[in-house]
Each structure stands twice: as structure tokens, then as C-alpha cells.
Amino acid sequence: MMFAGVLYYLWLTFFQRDAGVLRYLLVAVVLVVLAALFFVGLGFFGIVLSIVSSRNITFLNKPINFTVSLLYPVVLWLGKVFKIAQDKIQCSFVEVNNQLVKAKKGKLTPDRLLVLLPHCLQERECPNRITTNPDNCSRCGKCSVGALLALGEHYGVHMRIATGGTLAREAVKTLKPRAIVAVACERDLTSGILDCIPLPVLGVTNERPNGPCFNTQVKPKEVEKAILFFIKGGDSHLVCT
Ligand code: SF4
């Protein structure tokens, strides 16, 4: 409605007197904005259709990706205006993203899948430097890292433990995966998913019983389900109990 109001004002301004080249400029701007709105509309349509039908609408993937990355900051801003907690919005974003990824059927070989784990899963007192080399974990069972690494070995997928976005981006750049399973908090998952578009990322939210970034937890079964989605196209044959 705001856009329509501005349009009406400009129309009156430029078309009621001889505005020369400005008139054409206005028409060009209006056409560009209308094209962008049409593209965003298509993206919305694609998101709803993919989620409702659980199918990947291939020809709408570009508008979907465009809409997701363009509208997220707008939704965050609206959330601030209407006092909606950011993590609620981020949680919804991750959920919508996961539904869109799950609509994309197809199997990957394990070596094309990257599992990214956050460093905060490691027990704070553990002296082993697992970010430089995950093999340094002695799998003592005090945190979930050992079980997750065993899972990675079992399925033959790449697994990296990152202290932040830079290390995660480096791993993506080096390994060039076709898909990612990422464990993190809603905020990091959201920024990671947006960074990786158009790469499919299944997000698994970690639990934070001790507060943010401190001895966080994740159920290996949830990570295993996400791995199986990509390499077997389902969640059967779980090895975790
Ligand atoms: S499982 Fe690995 S990372 Fe966790 S406390 Fe034990 S040795 Fe450290």
C-alpha cells in the first residue's frame, strides 16, 4: 500500500506537467520494482507450494532463494517493530528452510556431505584441541563430540568442528560439499544457511541447558536423521539409540 501511495504521488508529480526525461525514468523505476515484486511473489508461491506438496519445484528455485535471502532482514526488522523475539523468528526461518530442503529428494554419496559441528559442544574442561584435528578427541563420553565423530566415521561423511563462521566457510570452500548438515544455535544456523544459498543446509538446533556457547548438547540421533536424509533419502537404519 505504501508502494502504491508513492507511485500515485510520483505519477501525479511527473505526469501533470512536462517532466521530460524524468517521466521515462519513473516508468523504468516502476517497471524494475514491479519485476522485483513479481519475482518475490513467485518465490513466496514456490515456498508455500514446496512445503505443502513436499516437492522441489525446480523452476522456482531461483525466486525461492532470492525471496528467502531478501526477506529475512525485512522479517527481522518487522519482528523488532512488533516486538517478536529474534530467536523465534530465527527458529521459524530454520524450520522453513529445513522443510524446503526436505522437499528436495535425491541421494548423495557420503563424501559429498559435510557435517559442521560447533565448538561449544565440547566439554569446557576437555584439554584436547579438536578444532584443528577431530582425531584428538579420545571419545571419553563426557560430551557428544565423541559419539558424533563415530557417526561421521560410520557413514563416511566429512565432519568438521568449527569455532565460528570463518572456519565453517573455509571447510565449505575446501571440501566443496553438495549439501551440509549444520548443528548450531538458531542465530548461527540462520546466518550459515543464508551464507550457503543455494547449497542445501539441514539445520539441527543445539540444546543450551548451561546458557549460550557453553557445554551445549545435541542428540546424535537428530544428526544421524539429517545425514540419512541426504545419503539414503530417509531416516531408516538408525544406528544410535
Ligand atoms: S568426548 Fe572428546 S571432546 Fe568430548 S570431553 Fe571427551 S575427549 Fe573431549
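Numbers at a glance
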read-out	value
Test result for Ser144, over 20 Å from Glu222 (Cβ atoms), within 10 Å of the ligand (Cβ to nearest atom) and among the small types (Gly, Ala, Ser)	no
Every residue from the range 42-68 that is out of contact with any helix residue (DSSP H, G or I) (no Cβ under 8 Å at 6 or more places or on another chain) and of a type in the set (Gly, Ala, Ser)	Ser53
Criterion: closer than 23 Å to Asn206 by Cα and part of a helix (DSSP H, G or I) - qualifying residue of Ile47, Ile89, Ile84	Ile89
Where a residue in the range 91-114 is on the phi > 0 side of the Ramachandran plot and its partner, wherever it lies, is polar (S, T, N, Q), with Cβ under 9 Å and at least six apart	Gly106/Asn56
Some residue of the range 5-17 being at pLDDT below 85, surrounded by 15 or more Cβ atoms within 10 Å (Cβ to Cβ), in contact with a Gly (Cβ under 9 Å, 6 or more places away or on another chain) and in a helix (DSSP H, G or I)	no
Check on Asn206, buried (at least 21 other Cβ atoms within 10 Å of the Cβ) and among the polar types (S, T, N, Q)	yes
Test: residue in the range 196-206 that is within 16 Å of the ligand (Cβ to nearest atom) and of a type in the set (A, V, I, L, M)	no
Filter result for Leu149 (in the same structural domain as Val201 (by TED's automatic domain parsing), within 16 Å of the ligand (Cβ to nearest atom), under 26 Å from Glu186 (Cβ atoms) and in contact (Cβ under 8 Å) with a residue 60 or more places away in the chain)	no
Some residue of the range 121-138 being under 18 Å from Phe230 (Cα atoms), more than 10 Å from the ligand (Cβ to nearest atom) and surrounded by fewer than 19 Cβ atoms within 10 Å (Cβ to Cβ)	no
Sole residue being on the phi < 0 side of the Ramachandran plot and touching a helix residue (DSSP H, G or I) at 6+ places or on another chain (Cβ under 6 Å), chosen from Leu37, Leu26, Leu71, Leu7	Leu26
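The values are calculated or read from the model by the stated rules, or taken from the named source; none is laboratory data. Quantities reported herein were computed from a predicted structural model and do not represent experimental measurements. Heads up, the Cβs are rebuilt from the backbone with ideal geometry, glycines too, and the neighbour counts pull from every protein chain shown.
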